[in-house]
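Participant: Have a look at this one.
The values are calculated or read from the model by the stated rules, or taken from the named source; none is laboratory data. As the structure is a prediction and not an experimental result, all values here were calculated from the model. Because the Cβ atoms are built from the backbone with ideal geometry, glycine has one as well, and the counts that use them run over all protein chains shown.
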Amino acid sequence: MLNPCDGAFLDGLSGMLPPGTLIAPEARYLVELRGRMHGCAGAVARPASTAEVSVILRAAQAARVGVVPYAGGTGLVGGQVMPDGPLPLILSVERMTRLHDIDVAGNVLVTDAGAVLADVQARAEQADRLFPMALGSQGSARIGGLLATNAGGANVLRWGTMRELCLGVEAVLADGSVVGGLKRLRKNNMGYDLRHLLIGSEGTLGVITAAALRLFPRPARTGAAMLAVPSPEAALALLALAQERLGEGVSAFELIGGQGPRFVARHLPGQRQPFADPPDWSVLIDLGLVAALDPEQALSALFEVALAKGLVQDGVIATSAAHRAQFWSLREAIPEANRLVGAIASHDVALPLAALPAFIARADAALRALGDMRVNCFGHVGDGNLHYNVFPAEGRHRDAYDALRPAITETVHGLVNAMGGSISAEHGIGRLKTRDLVRYGDAAGLAAMRAIKGALDPAGILNPGAVLG
């Protein structure tokens, strides 16, 4: 049983740390982004170095006080808030923001875990390099949180998740020991790869404090198009056609159901949209090409071939960088519009590409059988990741569906599992999906996970209640 983060513990810890490291738990640390889960804490520790993180964890383990790691607070599954139990200590990496150095020849940037993603992107750009992780919360999401959840974002299709974008991590384990893994090597087979164990562990095995991130040459020319498609099946066929013609030049391929742009039009009316009447289905395709290829020409040629095949119905091709940015602004406005509408239940799932159209059709039908609801389905269809979110019928509030919420999620997750998919594509398990992990996870795999947790965190102080419950 863990002990609360009380005055006696804090008095002792305060004497080990620089003044101002410990603060009272402000409200911003205690609520998840959508306001569905509220946390508790005895205090917030804001270390400025790996050494200070080590001091904090060593003291917490000795006193058996739970520690909830906190990065940008943008997670959507409750991994950063602990709603009940003995008051934990929140450990925020927000002061650990140093961008250590950049190796242009080796295409590596070393950064503290508290660095904001947008700042990492900007530092790479200054060196004429690209750090391709891109998502709507990049102005607030921090590298430590992105690694802890193995974030994906829009460019997974070409560059992969954070696991593929990270060469090494430095982390502090529960007993305060430091795992120094910041070697900048593509090949390193010196035993078990602790980097991949810590990435995606959601702070339950250690606190990531720094990382060596992979950079890439910037594409010489970029372009984008919004194309109306008749169905998800057509979208998949269009993706295959685009990859056949352009190969790795296809950086991102987003499927957008019509409900999303309609929500944006109503709740964010200042947002520009490419279609006056949003189609039921559209795709946003983004290109990064070599200097010899013209993105507008490539997209125009793709559109003509796709039109002849019946894969597209209409389209708008970006004519400038600003125009391309408008497309992405619309895509990233959809989650904000969702929050303004208020979802009954949100689902971040992954499926085999071939199963996506059937899943969408079967899930829609199953929900219609449950009641009158609206579905906003969109996501990184190039890698099989869908955000399948359920909203109240027009004129109703989500609170009216409280009794239905468990059945809705059970229906969606059960179908995902039956079709060979995953109930967590890129946001992790957190505290909201722990029961589903037990229900749908592999028994032997879960036993191995518990054994690893017991070995690295025997007192159970690291993010108690997250992932394994």
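Participant: Do any residues in segment 116-131 that are aliphatic (A, V, I, L, M) have Cβ atoms under 7 Å from those of residues that are in a helix (DSSP H, G or I), where the two are at least six apart or on different chains, and which pairs are they?
Facilitator: L117/I143; L117/L146; V120/I143; L130/A124
Participant: If L356 passes every condition in (1) surrounded by fewer than 21 Cβ atoms within 10 Å (Cβ to Cβ); (2) within 30 Å of V250 (Cβ to Cβ) but one, which one does it miss?
Facilitator: (1)
Participant: In segment 454-469, is there at least one residue being under 24 Å from the mean Cα position of the chain (by Cα), touching a residue at least 12 places away in the same chain (Cβ under 8 Å) and assigned to a helix (DSSP H, G or I)?
Facilitator: The answer is no, given that none of the residues of segment 454-469 is under 24 Å from the mean Cα position of the chain (by Cα), touching a residue at least 12 places away in the same chain (Cβ under 8 Å) and assigned to a helix (DSSP H, G or I).
Participant: Just need a number here: residues in segment 19-45 that are within 16 Å of N463 (Cα to Cα) and not aliphatic (A, V, I, L, M).
Facilitator: 6
Participant: Let me spell it out: the conditions are (1) assigned by TED's automatic domain parsing to the domain that holds L185; (2) modelled with pLDDT under 95, and L213 meets all of them except one. Which number is the exception?
Facilitator: Here L213 meets the rest and fails (2).
Participant: Among the residues of segment 132-149, count how many are buried (at least 23 other Cβ atoms within 10 Å of the Cβ) and touching a residue at least 60 places away in the same chain (Cβ under 8 Å).
Facilitator: Qualifying residue count, segment 132-149: 10.
Participant: Go through (1) surrounded by 15 or more Cβ atoms within 10 Å (Cβ to Cβ); (2) closer than 19 Å to I461 by Cβ one by one and return the number of the condition G7 breaks.
Facilitator: (1) is the only condition that G7 fails.
Participant: Name the residues in segment 88-116 that are more than 18 Å from A48 (Cα to Cα), surrounded by 19 or more Cβ atoms within 10 Å (Cβ to Cβ) and not β-branched (V, I, T), would you?
Facilitator: P88, N107, L109
Participant: To continue, here is another question. Out of the residues in segment 61-87 that are within 15 Å of L17 (Cβ to Cβ) and in contact with a Phe, Trp or Tyr (Cβ under 8 Å, 6 or more places away or on another chain), state the one that is surrounded by the fewest Cβ atoms within 10 Å (Cβ to Cβ).
Facilitator: Per the stated criteria, the residue is A63.
Participant: Next question. Can you pull out every residue in segment 184-240 that is of a type in the set (V, I, T) and either surrounded by fewer than 17 Cβ atoms within 10 Å (Cβ to Cβ) or part of a loop (DSSP other than H, G, I, E, B) (or both)?
Facilitator: Matches in segment 184-240: I199, T204, T222, V229.
Participant: Across segment 285-329, what is the total count of residues that are touching an Asp or Glu at 6+ places or on another chain (Cβ under 9 Å) and under 16 Å from E248 (Cα atoms)?
Facilitator: 3
Participant: Could I ask something else about it? Determine the pairs where a residue that is farther than 12 Å from R331 by Cα and in contact (Cβ under 8 Å) with a residue 60 or more places away in the chain, located within segment 256-269, has a partner that is charged (D, E, K, R) and surrounded by fewer than 17 Cβ atoms within 10 Å (Cβ to Cβ) with Cβ atoms under 7 Å apart, the partner being 6 or more residues away or on another chain.
Facilitator: Short answer, once both residue conditions are applied: L268/E336.
Participant: Can we say L17 is over 30 Å from L135 (Cα atoms), part of a loop (DSSP other than H, G, I, E, B), in contact with a Cys (Cβ under 8 Å, 6 or more places away or on another chain) and not charged (D, E, K, R)?
Facilitator: No; evaluated as a whole, the condition is false for this residue.
Participant: Is it fair to say L57 is part of a helix (DSSP H, G or I), at pLDDT 95 or above and crowded, with 20+ Cβ neighbours inside 10 Å?
Facilitator: yes
Participant: On to the next question. Looking at (1) part of a helix (DSSP H, G or I); (2) buried (at least 16 other Cβ atoms within 10 Å of the Cβ); (3) touching a residue at least 60 places away in the same chain (Cβ under 8 Å), can you tell me which one F378 breaks?
Facilitator: Failed condition: (1).
Participant: Out of G42, G35, G72, which single residue is without any contact (Cβ under 8 Å) to a residue 12 or more places away in the chain, touching a helix residue (DSSP H, G or I) at 6+ places or on another chain (Cβ under 9 Å) and not assigned by TED's automatic domain parsing to the domain that holds R398?
Facilitator: G35
Participant: Further question: So E332 ticks every box in (1) part of a helix (DSSP H, G or I); (2) buried (at least 19 other Cβ atoms within 10 Å of the Cβ); (3) at pLDDT below 95 but one. Which box is left unticked?
Facilitator: Condition (2) is where E332 drops out.
Participant: Now for a separate question. Report, by residue number, each residue of segment 11-32 that is surrounded by fewer than 19 Cβ atoms within 10 Å (Cβ to Cβ) and touching a residue at least 60 places away in the same chain (Cβ under 8 Å).
Facilitator: P25
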